[in-house]
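Following: one structure in structure tokens, then a few remarks.
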Amino acid sequence: MYLLIVFLPLLGSSVAGFFGRFLGSEGSAIMTTTCVSFSSILSLIAFYEVAPGASACYLRIAPWVSSEMFDASWGFFGDREVTGPTVVMLIVVTSISSLVHLYSISYMSEDPHSPRFMCYLSILTFFMPMLVTGDNSLQLFLGWEGVGLASYLLIHFWFTRLQADKAAIKAMPVNRVGDFGLAPGISGCFTLFQTVDFSTIFACASAPRNSWISCNMRLNAITLICILLLIGAVGKSAQIGSHTWSPDAMEGPTPVSASIHAATMVTAGVFMIARCSPLFEYPPTALIVITFAGATTSFLAATTGILQNDLKRVIAYSTCSQLGYMIFACGISNYSVSVFHLMNHAFFKALLFLSAGSVIHAMSDEQDMRKMGGLASSFPFTYAMMLMGSLSLIGFPFLTGFYSKDVILELAYTKYTISGNFAFWLGSVSVLFTSYYSFRLLFLTFIVPTNSFGRDILRCHDAPIPMAIPLILLALGSLFVGYLAKVSNFWANSPFVLPKNEILAESEFAAPTITKLIPILFSTSGASVAYNVNPVADQFQRAFQTSTFCNRLYSFFNKRWFFDQVLNDFLVRSFLRFGYEVSFEALDKGAIEILGPYGISYTFRRLAERISKLQSGFVYHYAFAMLLGSTLFVTFSRMWDSLSSWVDNRSSFILIVSRFYNNK
């Protein structure tokens, strides 16, 4: 049963990929959706077996790589501390993916390449369980790379669109930067522990290791490994510096955005940190870096989203912001709360993306919110779904997002450290901005007077039944999943946290009441500002444009903190220039070409030309050459013992070849 959870999506993807042209669009969609749906049902059964009973589950399928001390096998799950986050991730991935598959049947029905789309979507669903269930770092890395490849294929699905090409090409190298940290981190684990098996690494993590001093800081091997693993998580989970690919990934179909940003790709980095909690708990420096990176990302993405005009980009920046909350929750050693927020976030974020897809699908693929407005009467069902998703996103009391986001901020406050206070205040201010852009999205899309074309208003329609069913199920998850997961005792023993870092009870009973009320007050303030500003958005924007400072501030946030421009000017162009001038001109067309094919062919061609000039046709010339050659041969053969210490064969060859080049 456990193996079917992983391999059923692969079966559906293979059938749709190889036989899609025979099955057709409907056959491929039914096949892939059925496989993923059965996988989600089996994930619920696995959760029931593992979670309430606290039972361990380990499956060793077959040996993979075995060489002396190195042994990596195909295995799934692991001990209790590993299985806890794993079964939660399996439910999140398979359930969200099955709903996205069901939604895609209607959304992609008119696309002639829908079998290929369903194949790519199922292969993404296969690689994510492969990542979360692997019992060693090599299997995790295989799923990690597979998720990146599948996301590239999905973002690039509409390959005739230039922006989709650019987004896919941008996503691939940015994720490779993260892999540049993850791969050395795995190599460092093997070097230090002589194994890639998670259970052995975690058991040996507490042993003291050699340390060294660098830049007036004492570092040890565990700290370096954790920093490298963090670099991998930063690239995959769209944290600060590597977050630019996430909004651009909106160029793919909307179901792709929902799958990547809700349940699969961007959550891989958070899961990897939570799974390696026995490793991250021992170096405090790594935890501080994680906290600062996550808090900064949540603030950056929240401030960027307030002035974006693309419907899907606003939701994408909210994803980056919520991922920042998950990362700094790991930084304050509360991995279970981070996974809890990841699970809650998956439901309301998938609801927001799929609701946005319903609007875009009905509005002739229009994504600019400024060209919408007044759609609440035309889309009452979609408006209700997006309202529930937005309320859950901002942490409205007793909805799903409320139970995890508020706990993260309370934990950051009761950490009583500089990094904890930094994360608390940036996270609280991010709540204000999150509330603002969430209600700004609702106002510009559904409430303000319409700016749409008349033909779009006449042709628009609410979500059909196949698209409405996933929205209803996700809305139920956005309402009740947080409460149901909170009252269960599943989170008690998972994952590993050092006793000195355990502050959950203190945040519950020692945090001041005003601290617990700050997120709600900021959410209300953001909604009030959006309510008062967006009905008069034109006047507000003109006021911004008349002031020099406000105009620059508007441009700063609208241009996404100029991250794309800075990265293009200082990194991308430098690498492109290096690749052309050094790699292409100096090496490929320079040294390698001269010393390789071109140089050898040119040398022998010039040598043949020189030798051909010696063919004069006169017998006495040949006789003289033979006599001269015989004399020189006899002379050198007799005197070689005395000349061998003075003559270098290689220098003689280089001298002869250089004469040919000089005579060119």
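The values are calculated or read from the model by the stated rules, or taken from the named source; none is laboratory data. Here the structure is a predicted model, which is why all the values come from computation and not from measurement. Counting neighbours? That spans all protein chains shown, and the Cβs are built from the backbone with ideal geometry, glycine included. Calculation scope for accessible area: heavy atoms of the full protein, side chains included, ligands and nucleic acids excluded. Shrake-Rupley method; radii C 1.70, N 1.55, O 1.52, S 1.80 Å.
Which cross-chain or sequence-distant (5 or more) residues have an amide H under 5 Å from the amide H of Trp64, H modelled 1.01 Å from N in plane?
Ala72, Ser73, Trp74
Can you give the local net charge around Trp74? Use residues other than it whose beta-carbon is closer than 13 angstrom to its beta-carbon, Lys and Arg +1, Asp and Glu -1. Numbers along the way, then the final one.
Numbers: positive: Arg60; negative: Asp71, Asp135, Asp197.
Local charge sum for Trp74: -2.
Short version: ³J(HN,Hα) in whole Hz for each residue of segment 189-204, in order, from phi by Karplus 6.51 cos²θ - 1.76 cosθ + 1.60 (θ = phi - 60°), x for Gly and Pro, what are they?
For segment 189-204, the Karplus-derived couplings read 4, 5, 5, 7, 10, 6, 7, 10, 6, 4, 4, 5, 4, 5, 5, 9 Hz, x marking Gly and Pro.
With a/c under 1.5 counting as rounded, go ahead and sort the chain into rounded, prolate or oblate using the C-alpha gyration tensor (a ≥ b ≥ c being the square roots of the eigenvalues; past the cut-off, prolate if a/b is larger than b/c, else oblate). Working shown, then result.
Numbers: a/c = 2.02, a/b = 1.71, b/c = 1.18.
Prolate is the answer for the chain, as a/c is 1.5 or above and a/b outweighs b/c.
Using 0.36 nm per residue of separation minus the Cα-Cα distance, give me the extension gain between Glu49 and Asn451 in nm, one decimal. Write out the running numbers ahead of the final one.
Numbers: separation 402, 0.36 × 402 = 144.72 nm, distance 5.32 nm.
Full-extension gain reported as 139.4 nm.
Once a ≥ b ≥ c are taken as the square roots of the eigenvalues of the Cα gyration tensor of segment 276-379, is the result rounded (a/c under 1.5), prolate (a/b larger than b/c) or oblate (a/b not larger than b/c)? Spell out each step's value before the answer.
Working: a/c = 4.39, a/b = 2.42, b/c = 1.82.
Here segment 276-379 falls in the prolate category.
Where Lys and Arg each count +1 and Asp and Glu each count -1, what net charge lies around Ala356 among other residues with Cβ under 13 Å from its Cβ? Spell out each step's value before the answer.
Working: positive: Lys312, Arg313, Lys349; negative: Asp310, Asp365, Glu366, Asp368.
Here the count lands on -1.
Dividing the Cα radius of gyration by the Kirkwood radius, what Rg/Rh value follows for segment 216-276? Don't skip to the end; give the middle numbers.
On the way: Rg = 14.4 Å, Rh = 12.9 Å.
Here Rg/Rh amounts to 1.12.
Work out, step by step, the length gained on full extension between Val619 and Phe7: first 0.36 nm times the residue separation, then minus their alpha carbon distance; give nm to one decimal. Walk me through the numbers on the way to the answer.
Details: separation 612, 0.36 × 612 = 220.32 nm, distance 8.22 nm.
Taking Val619 through Phe7 to full extension adds about 212.1 nm, to one decimal.
Lys and Arg at +1, Asp and Glu at -1: add these up for the other residues within a Cβ distance under 15 Å of Asn568 and post the number. Can you show the working numbers first?
Values: positive: Lys166, Lys170, Lys559, Arg560, Arg573, Arg577; negative: Asp248, Asp564, Asp569.
Once all neighbours under 15 Å are counted, the net charge is +3.
Taking θ as phi - 60°, what are the ³J(HN,Hα) couplings along segment 419-425 by the Karplus curve (6.51, -1.76, 1.60), each to the nearest whole Hz, with x for Gly and Pro?
These are the phi-based 3J(HN,Hα) values: 5, x, 5, 4, 5, 5, 6 Hz.
For the chain, what is the mean residue ellipticity at 222 nm derived from helices alone (per DSSP H run of n ≥ 4: -39500 (n - 2.57); sum divided by total residues; nearest 500 deg cm²/dmol)? If you can, show how the numbers build up before the last one.
Working: 29 runs with 469 residues, N = 664.
Value at 222 nm, helices only: -23500 deg cm²/dmol.
Treating only the Cβ of Lys, Arg, Asp and Glu as charged (+1, +1, -1, -1), what charge dipole size does the chain show about its Cα centre? Round to the nearest 20 debye. Spell out each step's value before the answer.
Numbers: 40 positive and 37 negative charges, 313 e Å.
Using only the charged Cβ atoms, the result is roughly 1500 debye.
Ranked from highest to lowest mean number of other Cβ atoms within 10 Å per residue, what is the order of the peptides 142-150, 497-505? Please list the in-between numbers first.
Values: 142-150: 21.0, 497-505: 12.9.
So the peptides 142-150, 497-505, ranked by packing, come out 142-150, 497-505.
Can you give me the Cα centroid spacing of segment 401-416 and segment 220-298 in angstrom?
Between the Cα centre of segment 401-416 and that of segment 220-298, the gap is 19 Å.
Accessible area per residue of the chain at 1.4 Å probe, in Å²? Please report the intermediate quantities before stating the final value.
Numbers: 30110 Å² over 664 residues.
I get 45 Å² per residue for this part.
Which of rounded, prolate or oblate describes segment 113-196 when judged by the alpha-carbon gyration tensor and an a/c cut-off of 1.5?
Details: a/c = 5.91, a/b = 1.80, b/c = 3.29.
Since a/c reaches 1.5 but b/c is at least a/b, the shape of segment 113-196 is classed as oblate.
If r is the Cβ-Cβ distance from Asn532 to Gln163 and R0 is 35 Å, what FRET efficiency results, to the nearest 0.05? Can you show the working numbers first?
Details: r = 34 Å, r/R0 = 0.98.
My answer for the efficiency is 0.55.
Determine, for each peptide in 385-393, 568-576, 468-476, the mean count of other beta carbons within 10 angstrom over its residues, then list the peptides with the highest first.
Numbers: 385-393: 25.3, 568-576: 11.7, 468-476: 20.2.
The most tightly packed comes first, giving 385-393, 468-476, 568-576.
Could you calculate the contour length gain from Tyr416 to Ser583, that is, 0.36 nm times the residue separation minus the distance between their Cα atoms, to one decimal place in nm? The partial results should precede the final answer.
Numbers: separation 167, 0.36 × 167 = 60.12 nm, distance 5.08 nm.
Residue separation times 0.36 nm, minus the Cα-Cα distance, leaves 55.0 nm.
Sort the following peptides by mean Cβ neighbour count (other Cβ atoms within 10 Å, averaged over residues), highest first: 596-608, 552-564, 400-412.
Details: 596-608: 12.2, 552-564: 14.3, 400-412: 25.7.
Ranking the peptides 596-608, 552-564, 400-412 by packing returns 400-412, 552-564, 596-608.
Over the chain, what percent of the accessible surface lies on carbon and sulfur atoms, probe 1.4 Å?
Working: 20300 of 30110 Å².
C and S fraction of accessible area: 67 percent.
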